[in-house]
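One structure is given here, and the rest of the page talks about it.
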Amino acid sequence: MTYTFAPKQRFAKASGTNMRISTKSAEVICRVIRKKPLKRAKRLLNDLAGQKRGLGVKYYSKTVKQILELLESCEKNAEFLGLENNRLFVHASAHQGTSIRRRRRKAAFGSAMKNTNMEIMLIERGKDTRKITSAKKTETDKQIEKEHAAAKSEIEELKVKTAELKEKVGAAK
């Protein structure tokens, strides 16, 4: 399945094909969580799943559980790619999946099964607020630290030698 667009920023993606949920309700939920920060979108989906909050008068519980699973998968992908968790924004979209027809004696009622193709992207936006920790330092940072430590030790040695020379000069007078 091709994605709706490829953002210019760094992103992580996850997709679900032929998910057994209503396309209509998936579109409603996608519209609600689109362009929201990851934390807020997850909180909304968890509230809908726990029936603490509703959209209109509906909870969309089956659809919400499937979308929440897909969102958590996408979050793991973002973590693996090294994206910063508090800068992630959600882009979600749902499209109709393949038509599957159930075989029934009376073919008219209830013969089509609901299938939905979904895609979720977490896009990294905003200013970079990452701090370099000792575990994540680059090779150049490590090399600079080594050179800095070597220069410090040379300075200390020079101080000791100058102190010795001053003592010898003082003793010679």
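Only the coordinates and a few stated rules stand behind these numbers; no lab work does. Keep in mind the model is a prediction, meaning the values are calculated, not measured. For neighbour counting, all protein chains shown are included, and Cβ atoms are generated from backbone atoms with ideal geometry for every residue, glycine included.
Where does the chain land at 222 nm, in deg cm²/dmol rounded to the nearest 500, when only DSSP H runs of n ≥ 4 count, each adding -39500 (n - 2.57), divided by all residues? The partial results should precede the final answer.
On the way: 4 runs with 78 residues, N = 173.
Only helices count here, giving -15500 deg cm²/dmol.
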State the answer as a single residue: which of Val32, Tyr59, Ser111 lies farthest towards the positive end of the charge dipole of region 20-171, with beta carbon charges of +1 for Lys and Arg and -1 for Asp and Glu, about the Cα centre.
Ser111
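Using +1 on the beta carbon of Lys and Arg, -1 on that of Asp and Glu, and nothing else charged, what's the dipole of the chain about the Cα centre, debye to 20? Let's see the in-between values first.
Numbers: 41 positive and 19 negative charges, 342 e Å.
For the chain, the charge dipole is close to 1640 debye.
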Hey, with R₀ at 30 Å, roughly what FRET efficiency would Ser99 and Arg125 work out to, going by the Cβ-Cβ distance, to 0.05?
0.25
May I ask you to evaluate 6.51 cos²θ - 1.76 cosθ + 1.60, the Karplus curve with θ = phi - 60°, for each residue of region 69-79 and list the ³J(HN,Hα) values in order in whole Hz, giving x for glycine and proline?
4, 5, 5, 5, 4, 5, 5, 5, 4, 5, 5
With Cα coordinates, the longest principal axis of the chain makes an angle with the long axis of helix 38-49, in degrees rounded to 10, of 30 degrees
Among (1) 119, 33, 24; (2) 128, 65, 21; (3) 43, 32, 27, the entry that matches Cα extents along the principal axes in Å as calculated here:
(1)
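Provide the gained length on full extension for the span Arg40 to Lys58, in nm with one decimal, where the gain is 0.36 nm per separating residue minus the Cα-Cα distance. Let's see the in-between values first.
Details: separation 18, 0.36 × 18 = 6.48 nm, distance 1.91 nm.
Here the answer is 4.6 nm.
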State the extension gain, in nm to one decimal, for the chain segment bounded by Thr138 and Lys8, taking 0.36 nm per residue of separation less the distance between their alpha-carbons.
44.4 nm
